[in-house]
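What follows is a single structure, written as structure tokens, with notes after it.
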């Protein structure tokens, strides 16, 4: 089995690329989905978040108020580390179980992990794909999510610089252009990955 980590900066198009890889035949998992499950209503993770950040980060429906929590952790590096200490072990365990559940053979397993390099998980994979775009496109996409310019810059700054991620990548997909341009790059990387998987003993 070829294990592939997919990462990049916030709002660079990781989910779009992961979805296309899935349609091409890859087995895929999204760490963001696991992270949401880790702090779902009634979970030990949410209890830990409440203990650390207070009940003001929980909405009337008992669900985590993500915007409220985001305003805290993206303004305070220590708070962000505390949140990561709650969520990351659950996410990593989930990805490990998923990988273990897959058959061997020529399977290509792609895990979308936004903080792959920041958490030193890149060494767990045979190859790393970085999804990137220009700084202007990244900022514009975050503004489309109704973040202010200051909020967008803080969220970008909370991650490893995109230039460093692309430098450490085995493959880079630039999503700055059209969807067709992005699809062409994804298809080219997929062709290379399938060749690598087929060549494995």
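The values are calculated or read from the model by the stated rules, or taken from the named source; none is laboratory data. In this text, all values refer to a predicted model and were calculated from it rather than measured experimentally. Cβ sites come from the backbone with ideal geometry, for glycine too, and all protein chains shown count toward neighbours.
When residues in region 53-72 are screened for being in a helix (DSSP H, G or I) and surrounded by 14 or more Cβ atoms within 10 Å (Cβ to Cβ), 7 of them pass. Could you tell me whether residue 198 is more than 21 Å from residue 35 (Cα to Cα) and not in a helix (DSSP H, G or I)? Criteria not met by residue 198.
Kindly indicate whether any position in region 3-19 is assigned to a loop (DSSP other than H, G, I, E, B), buried (at least 19 other Cβ atoms within 10 Å of the Cβ), in contact with a helix residue (DSSP H, G or I) (Cβ under 9 Å, 6 or more places away or on another chain) and at positive phi.
Yes, region 3-19 has at least one match.
The single condition among (1) out of contact with any strand residue (DSSP E or B) (no Cβ under 8 Å at 6 or more places or on another chain); (2) modelled with pLDDT of 95 or more that residue 126 does not satisfy is (1).
For every residue, the table says whether it meets (1) modelled with pLDDT of 95 or more; (2) more than 27 Å from residue 87 (Cα to Cα).
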{"position": "105", "(1), (2)": "no, yes"}
{"position": "112", "(1), (2)": "yes, no"}
{"position": "119", "(1), (2)": "no, no"}
{"position": "146", "(1), (2)": "no, no"}
{"position": "157", "(1), (2)": "no, no"}
{"position": "185", "(1), (2)": "yes, yes"}
{"position": "193", "(1), (2)": "yes, yes"}
{"position": "197", "(1), (2)": "no, yes"}
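What number of residues within region 20-38 are surrounded by 21 or more Cβ atoms within 10 Å (Cβ to Cβ) and more than 23 Å from residue 117 (Cβ to Cβ)? Of the residues in that region, 0 qualify.
Right, residue 117: surrounded by 12 or more Cβ atoms within 10 Å (Cβ to Cβ), under 17 Å from the mean Cα position of the chain (by Cα) and more than 30 Å from residue 67 (Cα to Cα) or not? No.
Yes/no per residue for (1) loosely packed, with under 13 Cβ neighbours inside 10 Å; (2) in contact with a strand residue (DSSP E or B) (Cβ under 8 Å, 6 or more places away or on another chain):
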position	(1), (2)
133	no, yes
139	no, no
175	no, yes
183	no, no
186	no, yes
197	no, yes
200	yes, yes
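Among the residues of region 54-64, those identified as in contact with a helix residue (DSSP H, G or I) (Cβ under 8 Å, 6 or more places away or on another chain) and within 16 Å of residue 38 (Cα to Cα) are 57, 58, 64.
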